[in-house]
Amino acid sequence: MTSLDPRLDPEIAALLAFLDSTGSPPMHAGTAEQARASFRALTVDLRDPSVLPEVEEVTDTTVPGGDGDRPARVYRPGPGALPTVVLFHGGGWVIGDLDTHDLMARTIATICEAVVVSVDYRLAPEHPFPAAVDDALAAARWAAAHLADLGGDERLGLAGDSAGGNLAAVAAQVLRDEGVPVAGQLLVYPATDLVGETASRVENAEGYFLDRDTMLWFAAQYVGHLPPDRLADPRLSPLRGDLTGLAPAVVAVAQFDPLRDEGTAYAEALRAAGVPVRLASYDGLIHGFVDMGRFCRAADDAVNRTCRLFHDLLHP
């Protein structure tokens with residue numbers, strides 16, 4: 001196992017040691033299907049149902065996508081008029097689904113007091129860019145047009161972690177251009193720049209759950225055969241877009257995450273563009289901490305704090 005920084009949270013270190021002891025190959029060493037199965041094993045198959053926050057109603061449905069309807073799941077935490085949050089799951093645009101992010105959806109619904117629409121967008125490499133973007137935009141536009149039927153009031157939020165944070169950031173930029181009001185963005189360790197190189201990508205390249213080689217593999221599956229000069233497209237790298245006039249944001253990053261610096265850079269760029277933003281930076285934690293609260297008290301505290309910050313955006 002790679003030598004880990006002593007500042008790493010000890011409960012996270014224990015979790016990483018356990019994962020290393022299983023001998024599972026890294027995701028980039030196999031196929032997309034194998035990576036999806038491995039991720040489900042981590043997030044679904046070993047999950048204790050008793051840790052899932054209870055909501056009043058969960059409904060499987062479909063929402064419009066870029067090329068036909070897509071599966072979706074609607075979480076209602078309780079009665080009354082509530083904001084609606086469209087959630088895009090993480091997973092490098094290659095892995096992840098409604099089940100892997102059931103805990104995140106329930107957590108946002110309960111702590112943020114919002115109806116959550118979790119969207120199962122198309123995955124690469126079977127459906128490379130811009131399929132995921134097209135699905136995310138179609139779903140967000142549909143939700144914006146059906147707020148009265150979903151949450152019941154006029155507030156729309158966009159949320160996502162990792163690749164899902166990328167899609168939420170992209171959707172916020174496009175909806176702004178289309179004149180669709182967005183009350184807030186929740187971007188959890190988002191991927192914001194496929195072009196730049198950052199210190200955190202080097203410092204945390206190995207040993208901290210998400211490794212550099214897997215990141216590069218994810219990106220290669222997603223962008224397909226796009227030439228390098230296309231990677232600065234704001235629909236791929238939202239940090240390269242126009243950030244003026246965007247919805248207020250909560251951006252959460254972890255100390256030992258390769259994506260730490262680009263998430264921080266996005267928050268700083270939002271602030272420089274005049275966008276209200278709360279940057280929540282968590283020492284000792286790693287990429288994926290949203291799903292690690294049952295193993296780590298610090299991760300659980302970080303999730304609760306992040307969601308409370310987003311709650312305050314949605315309920316000013």
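Computed values, structure above
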| quantity | calculated |
| --- | --- |
| Relative contact order (%) - criterion: Cα under 8 Å, at least six apart; region: the range 159-316 | 25 |
| Antiparallel content of DSSP bridges confined to the chain, in %, to 5 | 30 |
| Listed residues W142, W217 arranged by accessible area, highest first, probe 1.4 Å | W142, W217 |
| Relative contact order computed over the chain (Cα-Cα under 8 Å; 6+ residues apart), in percent | 18 |
| Solvent accessible area, Å² - H127, 1.4 Å probe, full protein context | 80 |
| Whole-Hz ³J(HN,Hα) from phi, Karplus 6.51 cos²θ - 1.76 cosθ + 1.60, for the range 190-198, glycine and proline x | x, 7, 10, 8, 7, 9, x, 10, 10 |
| Fraction of antiparallel bridges per DSSP, the range 1-135 only, in percent to nearest 5 | 70 |
| Extent along principal axes [Cα atoms of the range 82-147; Å; largest to smallest] | 36, 26, 12 |
| Mean Cα-pair separation over length for the range 1-107, i.e. relative contact order, pairs under 8 Å, 6 or more apart, % | 25 |
| Value of [θ]222 nm, deg cm²/dmol, for the chain, DSSP H segments ≥ 4, -39500 (n - 2.57) each, nearest 500 | -10500 deg cm²/dmol |
| Apportionment of accessible area to carbon and sulfur, the range 176-280, percent (1.4 Å) | 55 |
| Accessible area of the range 73-198 divided out per residue, in Å², using a probe of 1.4 angstrom | 25 |
| Sparse-neighbour loop sites [GluC sites (Glu not before Pro); the range 28-84; at most 12 other C-beta within 10 Å; DSSP] | E54, E56 |
| Alpha-carbon spread of the range 1-122, three principal axes, descending order, Å | 50, 34, 23 |
| Kirkwood-Stokes translational diffusion coefficient of the chain, alpha-carbon pairs, 4 °C, 1.567 mPa s, µm²/s | 67 |
| Extended-chain gain in nm, criterion 0.36 nm per residue less alpha-carbon gap, S21 and T244 | 75.6 nm |
| Stokes-Einstein translational diffusion, the range 218-306 - Kirkwood Rh over all Cα pairs, 1.002 mPa s, 20 °C, in µm²/s | 147 |
| Rounded to the nearest 20 debye, dipole of the range 100-248 from Cβ charges on Lys, Arg, Asp, Glu | 120 |
| 5 angstrom amide H check on R155, placed H, neighbours 5+ away | T84 |
| Inter-label distance for E57 and E268, nm, one decimal - labels placed 7 Å from Cα along Cα-to-Cβ | 4.6 |
| Ranked order, R308, R235 - accessible area, probe 1.4 Å, largest first | R308, R235 |
| Centre separation in Å (Cα based) which lies between the range 78-137 and the range 214-277 | 18 |
| Alpha-carbon Debye profile of the range 52-170, log10 I(q)/I(0) at 0.16 Å⁻¹ | -0.64 |
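The values are calculated or read from the model by the stated rules, or taken from the named source; none is laboratory data. This is a predicted model, so every value here is computed, not measured. Because the Cβ atoms are built from the backbone with ideal geometry, glycine has one as well, and the counts that use them run over all protein chains shown. In case anyone asks, the SASA skips ligands and DNA or RNA and just uses the protein heavy atoms, side chains included. Shrake-Rupley method; radii C 1.70, N 1.55, O 1.52, S 1.80 Å.
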